[in-house]
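The values are calculated or read from the model by the stated rules, or taken from the named source; none is laboratory data. Note that this is a predicted model, so its numbers are computed, not measured. We place every Cβ from the backbone using ideal geometry, glycine too, and count neighbours over all the protein chains shown.
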Amino acid sequence: MRVPTPVFFSPGSPHRIVELDVAPPAAGEVRVRMAASGVCHSCLYAMDGEHAAVPAPIVLGDEGAGVVESVGAGVTGLAAGDHVVISWAPGCGRCRICRQGAPALCGDQPPLGRMADGTSRFRHGDTEVWHYGPATNAPYTVVDARAAVPVDPAVPLDLAALIGCAVATGVGAVRTTARVRLGESMAVIGCGGVGVAALHAGAISGAYPIVAVDVVPAKFAALRAMGATHCVDATAPDALAQILDITGGGVDHAFVTSSAAAAFPMAVASLARRGTCVLIAGYPDGAALSIDPGHLLNGERRIVAAKYGSSNPPVDFPDLVDLYLAGRLDLAAMVSGRWRPDQVDEAYEALRAGVATRGLIVFD
Ligand SMILES: [Zn+2]
Ligand SMILES: [Zn+2]
């Protein structure tokens, strides 16, 4: 099939809508008609050329939901018409870490841009067009069948899209990585889509206080509505002192969703004794962070990482949908803007400006 699709050609130049040939799904793959695609920071890194491994031209988008259009040979458990949330971490499905339920940590994944057989399903004229993971910014995309997680069709697909990256990551970091318990304190440093999901998960879990730390005070009312009990302007000279004061000397859990230079040091410095810093943010290639070992040792403070919120998508995505359907997980409140496919650059610029929590590209 041939479909007008926003394609990214090179850093610094806007997307172009091109007529994209989308091949049928090969064995073990499905082709999905996308309903919505979330506007995620990792794609912004790609657009800014901060990851050398990103090939071009490429269809971006790592968060989305849609309806299965067709299935390739050998696919079981999925059929045309199924509503699916897309995972960006199908893993190989065979190795030890995949079988343990942590496919985002799989070491046997194809290079970024390619399907498992090393090729692409997208073509523009004679030019091969690559897949940024699941390439959810395409109205029709092809993914490994393990990346298409069937969910209850009662969930609106535009809202379900958020589960595929921001919600899986932010909620998963709180629920699965950190296992935040009733009455424990937490801070979220950087309150975009992932940070808002983490705040909300903290509220659902009964954490207190829940401190939102961000550089855009205009968002604070929205962050309180999502569960923050206190908000701190990260640019204030006494931001760290405010966090320590609010939490009576330090937080039990500090979640770092921002790669800004001040974020990680602030999170580690804010930790209570036996507190844990959970590193969620993606950093540009070659980034380095420094720590004070004495600060860790003398308080038994810990630093852990949460990739994709330690998610196991086939289990966690349906759980998150159930929480939404039960009225516990407020996906609608996480959406800060909706854009058409031809407005994709505007959507990413809104993300860059820091005012957006989560934008959605919505298809017809
Ligand atoms: Zn993402
Ligand atoms: Zn694997």
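List of remarks:
- The range 161-213, residues that are buried (at least 24 other Cβ atoms within 10 Å of the Cβ), within 22 Å of Gly250 (Cβ to Cβ) and of a type in the set (Ser, Thr, Tyr): Ser185
- Condition met for Tyr324 (under 15 Å from the mean Cα position of the chain (by Cα), part of a helix (DSSP H, G or I) and on the phi < 0 side of the Ramachandran plot): no
- For the range 21-52, a residue qualifies if it is away from ligand 1 (no atom under 16 Å from the Cβ) and modelled with pLDDT under 90, and the qualifying residues are Gly49, Ala52.
- Enumeration of residues in the range 267-287 that are more than 22 Å from the chain's Cα centre (by Cα) and either hydroxyl-bearing (Ser, Thr, Tyr) or within 28 Å of Arg352 (Cβ to Cβ) (or both): Val268, Ala269, Ser270
- Of all residues in the range 338-353, those satisfying the criterion of being surrounded by fewer than 17 Cβ atoms within 10 Å (Cβ to Cβ) and outside any helix (DSSP H, G or I) are Arg338, Arg340, Ala353.
- For the range 290-304, the count of residues that are more than 24 Å from Pro237 (Cα to Cα), touching a helix residue (DSSP H, G or I) at 6+ places or on another chain (Cβ under 9 Å) and touching a residue at least 60 places away in the same chain (Cβ under 8 Å) is at least one.
Yes or no, residue by residue, for (1) in a helix (DSSP H, G or I); (2) crowded, with 24+ Cβ neighbours inside 10 Å:
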residue: Ala236; (1), (2): no, no
residue: Ala254; (1), (2): no, yes
residue: Ala267; (1), (2): yes, yes
residue: Gly286; (1), (2): no, no
residue: Ile291; (1), (2): no, no
residue: Gly299; (1), (2): no, no
residue: Val304; (1), (2): no, no
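- Only listed residue being part of a loop (DSSP other than H, G, I, E, B) and under 30 Å from Pro318 (Cβ atoms), chosen from Ala65, Ala27: Ala27
- If you go through the range 1-53 and pick out every residue that is of a type in the set (Val, Ile, Thr) and over 21 Å from the mean Cα position of the chain (by Cα), you end up with 6.
- Every listed requirement among (1) in contact with an Asp or Glu (Cβ under 9 Å, 6 or more places away or on another chain); (2) more than 16 Å from ligand 1 (Cβ to nearest atom) is met by Ala79 save one, (1).
- The single condition from (1) at pLDDT 95 or above; (2) among the β-branched types (Val, Ile, Thr); (3) out of contact with any Lys or Arg (no Cβ under 7 Å at 6 or more places or on another chain) that Val362 fails is (3).
- For Gln109, the conditions (1) outside any helix (DSSP H, G or I); (2) away from ligand 1 (no atom under 16 Å from the Cβ); (3) free of Cβ contacts under 8 Å to residues at least 60 places away in the same chain are fulfilled apart from (2).
- Count of residues meeting criterion [assigned to a loop (DSSP other than H, G, I, E, B) and away from ligand 2 (no atom under 16 Å from the Cβ)] in the range 68-93: 11
- Residue in the range 89-101 that is surrounded by 21 or more Cβ atoms within 10 Å (Cβ to Cβ), more than 17 Å from the chain's Cα centre (by Cα) and outside the structural domain of Gly282 (by TED's automatic domain parsing) present: yes
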